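Working notes, structure below.
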Amino acid sequence: MPYLDDEVVEACRNKHLMKEVFEKADIPTPKSKLFETIEQLKELIQTFEFPVIIKPVDFGGSGGVYLAHNEAECKEAYMKSQKVMAAYADSFKVSKNTFLIETFIDSNEEVSVEVLCGENFYEVITVTEKYLSPRPWFTEMGHLVPSHRYKDENIKKLAIQACKSLGINRGVAHIEIKIKDNNLYVIEAAARPGGDAIMDLVESSYSINPYQLHIEMYINNKLKPPFTFRPNSTSAIAFMKAQKGKIANINFPDISKDTEIKRISLLKNIGDIVSDPENWSSRDGLVQFGWPELPTTKIYKHINKANDLANKIFDSSDDYNE
């Protein structure tokens, strides 16, 4: 099967190389520097304004990503990020010793753009609205397709520009963009379909199979599929967070009359410990929704419903040791 060039794959996995590509292409992206030791971090701190982000150079799911407001918090964030990578790096075959310090874009407004990439064409499939956990964490606690910004030409053009700069010329790509004061910043890009069931949401909302499109572009990236990407409904997913503590009991409320709920899946069992929403591994369940109206503003009803369900489903006890 055809594949992306090695340098494209490397640039899409290594966030340091990715940032260098973006900067050369004049793509707005947060300032970012590479470091491997505490001594290097101390030197780099002098060249940044707080707050900053400390994160692994090659990982996902918000794993090891921490916000720091001063030098002491930078050191603490580095230590915590090291622990995350020590636990997961070997399993995911990524670097456990290389990290980034990055300027923090102080905004909760974030989208991902799902882009169909071919040899000589790029087309945005949709714009996904993202919902983040409370700071200091950056876990994605929900997604909604399409975002009320799905027709925003500036967002779509920037996502395509990012794909072109990295050389992604086949498959479905996933571009994450932050919005602050009407300015756009590319945070990261991935030469793969988006995770967290975003492709399921696209299929529900657009009545197309994005994985089929992804495969078709790998088989033949010179032939543009004859699709018109137009949403016919709204689909959303929200991840449940129970109250911190040990799960003492699980109760399922009657949701049969709520036609907007499409499925519920629990990720925790009785006896499990509920922690802070630090990364993908600290989610306690998920709820998928769907409704016919397309959004015109940012909405939170899927997030609010998931929070309400979490409180009804999970009984937590604070009689535990963290």
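The values are calculated or read from the model by the stated rules, or taken from the named source; none is laboratory data. Since this is a predicted model, take the numbers as computed values, not measurements. Heads up, the Cβs are rebuilt from the backbone with ideal geometry, glycines too, and the neighbour counts pull from every protein chain shown. When the accessible area is computed, the model is the full protein with side chains, heavy atoms only, and any ligands, DNA or RNA have been set aside. Shrake-Rupley method; radii C 1.70, N 1.55, O 1.52, S 1.80 Å.
Here are some notes:
- Condition met for Ile264 (modelled with pLDDT of 95 or more, of a type in the set (Val, Ile, Thr) and either touching a helix residue (DSSP H, G or I) at 6+ places or on another chain (Cβ under 9 Å) or not in a strand (DSSP E or B) (or both)): yes
- Of residues in the range 267-302 being farther than 18 Å from Gly195 by Cα and aliphatic (A, V, I, L, M), the one farthest from the chain's Cα centre (by Cα): Ile270
- Among the residues listed as Asn249, Asn311, Asn232, Asn307, the single one being under 26 Å from the mean Cα position of the chain (by Cα), outside any loop (DSSP other than H, G, I, E, B) and farther than 29 Å from Phe59 by Cα: Asn311
- Selection count, the range 248-287, where residues are in contact with a Phe, Trp or Tyr (Cβ under 8 Å, 6 or more places away or on another chain), over 15 Å from Gly142 (Cβ atoms), without any contact (Cβ under 8 Å) to a residue 60 or more places away in the chain and among the charged types (D, E, K, R): 1
- Output for the range 248-265, where each listed residue is closer than 20 Å to Asp200 by Cα and open to solvent by 60 Å² or more (accessible area, probe 1.4 Å): Thr259, Lys262, Arg263
- Strands (runs of 3 or more DSSP E) completely within the range 102-218 that count 3 or more residues being within 28 Å of Gly290 (Cα to Cα) and open to solvent by less than 10 Å² (accessible area, probe 1.4 Å): 109-117, 122-132, 140-145, 171-180
- Test result for Pro226, open to solvent by less than 70 Å² (accessible area, probe 1.4 Å) and either outside any strand (DSSP E or B) or not acidic (Asp, Glu) (or both): no
- Test: residue in the range 48-59 that is in a loop (DSSP other than H, G, I, E, B), closer than 18 Å to Ile175 by Cβ and touching a helix residue (DSSP H, G or I) at 6+ places or on another chain (Cβ under 6 Å): yes
- Qualifying residues in the range 61-95 (those that are of a type in the set (A, V, I, L, M, F, W, C), touching a residue at least 60 places away in the same chain (Cβ under 8 Å) and not in a loop (DSSP other than H, G, I, E, B)) - the one surrounded by the most Cβ atoms within 10 Å (Cβ to Cβ): Val84
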